[in-house]
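The values are calculated or read from the model by the stated rules, or taken from the named source; none is laboratory data. None of these values were measured; they are calculated from a predicted model. Every residue, glycine among them, receives a Cβ derived from its backbone with ideal geometry; neighbour counts consider all protein chains shown.
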């Protein structure tokens, strides 16, 4: 802030430097010059004219202008009187940091001197703005008819960008007061205010976005069980309170017995038990539960999310969301996946398991063998005799019928075992349960069927079966290979 007395003292110094006796005499006689004509005379001798003696301006108006300018000076830490036409200027600063910028305080070419200083003393992002502002045409136009023009920018004080305001006021035809005031504190407060508004708006938008995901939200005071119920208005899209009441937990239990699907009721009541809820929220910020609620008499999947507010230890939010459509889509998706999974595991011709699934089962059994959790099973390898001759002689349709017939015989024989078609004419069976206990009888049954089918020119199946040896076998493939050898031995016997 500049004291007008100090400003006049600075005039005295300048007059002394110029050894101007007339100016010194005037300034010493009248410490604070009230007469506008005398000020003009004094400043005119210094090469600077504050006002013009225009007939159009009354002495009263000039005096008012001067008093206004003098009052304004008190708000600035740096002030300049500038004659726009001549470029002559005189300035004074009460700010030590500003003085270190080594900006000329007086001179004969204000606009040229200021332009030189902009690059060194103005924050880079604000330099273009100040070049446009400290411009003769702009100053004359913006301060026309007594207008007060203000421009905010950042001045580098002690190498720190500092928010300041440049104020320009025309006090006569050619004369302008230019003052610089520090508004760092007010700018910070304004930025904080704007950031607070932005944060509040952001939080409001987030809350609204979250609330839209729920068809009802309860705000519960855990100290007394009072509650408020909120919903999003479908038309205004604003959160509105639609109900309030007491004894939230008691009311909820009564309503639960009326509206919660019977199979989900116990689970819901356990979570809603206040003591259980408080204990659970000690270890987690939120709890979620999915259950079915009767809406218009129809069991509907809903999700209840119970949220522990980090900045409010007295309240808990209960948010209920209708997820019925989502759950049904998930169920449909699971069904599709299961169908695709079955198709990926199923042989297209015989509708038995294919080689892909055999590999899965083999990996699982190998894991159990390694862990010692499987004790007994057997592998039966079955191959259709003369399938190539059937295809070549009677066509592939006849060959396919033979394959399907073989599958039916094997399924009927090994009723408790997994059957896989692992090749064009080859099946593998993981023999388990009662089939394992009766494995020899079942292999003999295949042999008896072969005798009959051979006579009737029907499908004949070569079969070899080998048991898992818990002491020596490390993987299923060892059992498979032994069964495969036995199958080929049986195949030779059948061809004799």
Pairs only if they're at least six apart or on different chains, beta carbon under 7 angstrom, first in region 395-414 and at positive phi, second at pLDDT below 95 and surrounded by 16 or more Cβ atoms within 10 Å (Cβ to Cβ); list them, first residue then second. none
Flag if residue 494 is touching a residue at least 24 places away in the same chain (Cβ under 8 Å), surrounded by 14 or more Cβ atoms within 10 Å (Cβ to Cβ) and closer than 17 Å to residue 362 by Cβ: no
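Do we have residue 143 as surrounded by 15 or more Cβ atoms within 10 Å (Cβ to Cβ) and touching a residue at least 40 places away in the same chain (Cβ under 8 Å) here?
Working: surrounded by 15 or more Cβ atoms within 10 Å (Cβ to Cβ): yes; touching a residue at least 40 places away in the same chain (Cβ under 8 Å): no.
Taking the combined requirement at face value, the residue does not satisfy it.
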Selection from region 135-154 of residues that are closer than 23 Å to residue 186 by Cβ and out of contact with any strand residue (DSSP E or B) (no Cβ under 7 Å at 6 or more places or on another chain): 147
For region 289-317, give me each residue that is crowded, with 16+ Cβ neighbours inside 10 Å and within 23 Å of the chain's Cα centre (by Cα). 303, 304, 305, 306, 307, 308, 317
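Need at least 2 residues that are more than 21 Å from residue 481 (Cα to Cα) per element, so show me which helices (runs of 4 or more DSSP H) inside region 333-442 make the cut, counting only ones lying wholly within it. Can you show your working first?
Values: elements: 355-371, 387-394, 396-413, 433-437.
Passing ranges, in order: 387-394, 396-413, 433-437.
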Between a residue in region 233-252 that is in contact (Cβ under 8 Å) with a residue 24 or more places away in the chain and any residue that is part of a loop (DSSP other than H, G, I, E, B), which pairs come within a Cβ distance under 7 Å, given they are 6 or more apart or on different chains? 248/225; 249/225
Condition first: out of contact with any strand residue (DSSP E or B) (no Cβ under 8 Å at 6 or more places or on another chain) and either in a loop (DSSP other than H, G, I, E, B) or modelled with pLDDT under 95 (or both). Now tell me which residues in region 470-492 satisfy that. 470, 471, 472, 473, 474, 475, 492
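The rows are residues; the columns are (1) modelled with pLDDT of 95 or more; (2) more than 21 Å from residue 449 (Cβ to Cβ); (3) surrounded by fewer than 13 Cβ atoms within 10 Å (Cβ to Cβ).
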{"residue": "372", "(1), (2), (3)": "no, yes, yes"}
{"residue": "377", "(1), (2), (3)": "yes, yes, no"}
{"residue": "383", "(1), (2), (3)": "yes, no, no"}
{"residue": "387", "(1), (2), (3)": "no, no, no"}
{"residue": "390", "(1), (2), (3)": "no, no, no"}
{"residue": "394", "(1), (2), (3)": "no, no, yes"}
{"residue": "405", "(1), (2), (3)": "yes, no, no"}
{"residue": "410", "(1), (2), (3)": "yes, no, no"}
{"residue": "414", "(1), (2), (3)": "yes, no, no"}
Would you tally the residues in region 438-449 being loosely packed, with under 14 Cβ neighbours inside 10 Å and within 11 Å of residue 414 (Cα to Cα)? 1
